[in-house]
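**Student:** One structure follows; several queries about it will come next.
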Amino acid sequence: MSDFNNINQAEDESVDEINHNLIDDDENLSDADINKIVGANTKNVLEYLVKSLVKDPDAVVVESKETAKDNIQFSLHVSPGDLGRVIGRQGRTAKAIRVVASAVAHREGLKTSVDIVDQ
């Protein structure tokens, strides 16, 4: 059982590291403030994941919209040249992105949907 706890702790540390790397220093948000933002972890993980996949990471924009109390809709905007990379063959990459987003959101007690939009 201790191996499972070690894995969970490593996942928590990874998500925290991603969040701190993606949040602008100008915002001066504390850890408590970051945790109050609904879906912040999911949004940051999505942004990190998609920017890692595309050729033009500066064009990646992740928008979030709270559709219900515990449901958030994310829109991924990528450049037209990167659309194929994000969708993947037969939508496999898009499905994997949605699964990761769903897993992170579940840890926050949320449900998500992810739409991929070209700019």
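**Student:** So which residues in segment 75-118 are assigned to a helix (DSSP H, G or I), touching a residue at least 24 places away in the same chain (Cβ under 8 Å) and farther than 13 Å from Val45 by Cβ? Step through it out loud before you land on a result.
**Tutor:** Quick first cut of segment 75-118, residues assigned to a helix (DSSP H, G or I) only: 80-87, 89-107.
Next, from what is left, pick out any that are touching a residue at least 24 places away in the same chain (Cβ under 8 Å): 80-83, 85-87, 93, 97, 100-101, 104-105, 107.
Answer for segment 75-118, where residues must be assigned to a helix (DSSP H, G or I), touching a residue at least 24 places away in the same chain (Cβ under 8 Å) and farther than 13 Å from Val45 by Cβ: Pro80, Gly81, Asp82, Leu83, Arg85, Val86, Ile87, Thr93.
**Student:** Consider segment 47-57. How many of its residues are part of a helix (DSSP H, G or I) and touching a Ser or Thr at 6+ places or on another chain (Cβ under 9 Å)? Step through it out loud before you land on a result.
**Tutor:** So in segment 47-57, the residues part of a helix (DSSP H, G or I) come out as 47-53, 57.
Narrowing further to those that are touching a Ser or Thr at 6+ places or on another chain (Cβ under 9 Å): 53.
Qualifying residue count for the region: 1.
**Student:** Name the residues in segment 77-112 that are within 17 Å of Glu66 (Cβ to Cβ) and surrounded by 19 or more Cβ atoms within 10 Å (Cβ to Cβ), would you?
**Tutor:** Residues satisfying the conditions are Ala101, Val104, Ala105, Leu110, Thr112.
**Student:** Scan segment 64-87 residue by residue and report those that are farther than 16 Å from Leu110 by Cβ, touching a Leu at 6+ places or on another chain (Cβ under 9 Å) and not hydrophobic (A, V, I, L, M, F, W, C).
**Tutor:** Result: Asp82, Arg85.
**Student:** I'm told Ala59 meets every condition in (1) in contact (Cβ under 8 Å) with a residue 60 or more places away in the chain; (2) in contact with a strand residue (DSSP E or B) (Cβ under 7 Å, 6 or more places away or on another chain); (3) closer than 21 Å to Glu108 by Cα except one. Can you identify the failing condition by its number?
**Tutor:** (3)
**Student:** Let me ask another. Restricting to segment 55-75, give me the number of residues that are of a type in the set (A, V, I, L, M), surrounded by fewer than 18 Cβ atoms within 10 Å (Cβ to Cβ) and modelled with pLDDT of 90 or more. Spell out the reasoning first.
**Tutor:** First, pick out the residues of segment 55-75 that are of a type in the set (A, V, I, L, M): 59-62, 68, 72.
Subsequent filtering for residues that are surrounded by fewer than 18 Cβ atoms within 10 Å (Cβ to Cβ) retains 59, 61, 68.
In the following step, the residues that additionally are modelled with pLDDT of 90 or more were identified as 59, 61.
Count: 2.
The values are calculated or read from the model by the stated rules, or taken from the named source; none is laboratory data. Predicted model only: the values in this text are computed from it and were never measured. FYI the Cβ positions are ideal-geometry reconstructions off the backbone, even for glycines, and counts take in every protein chain you see.
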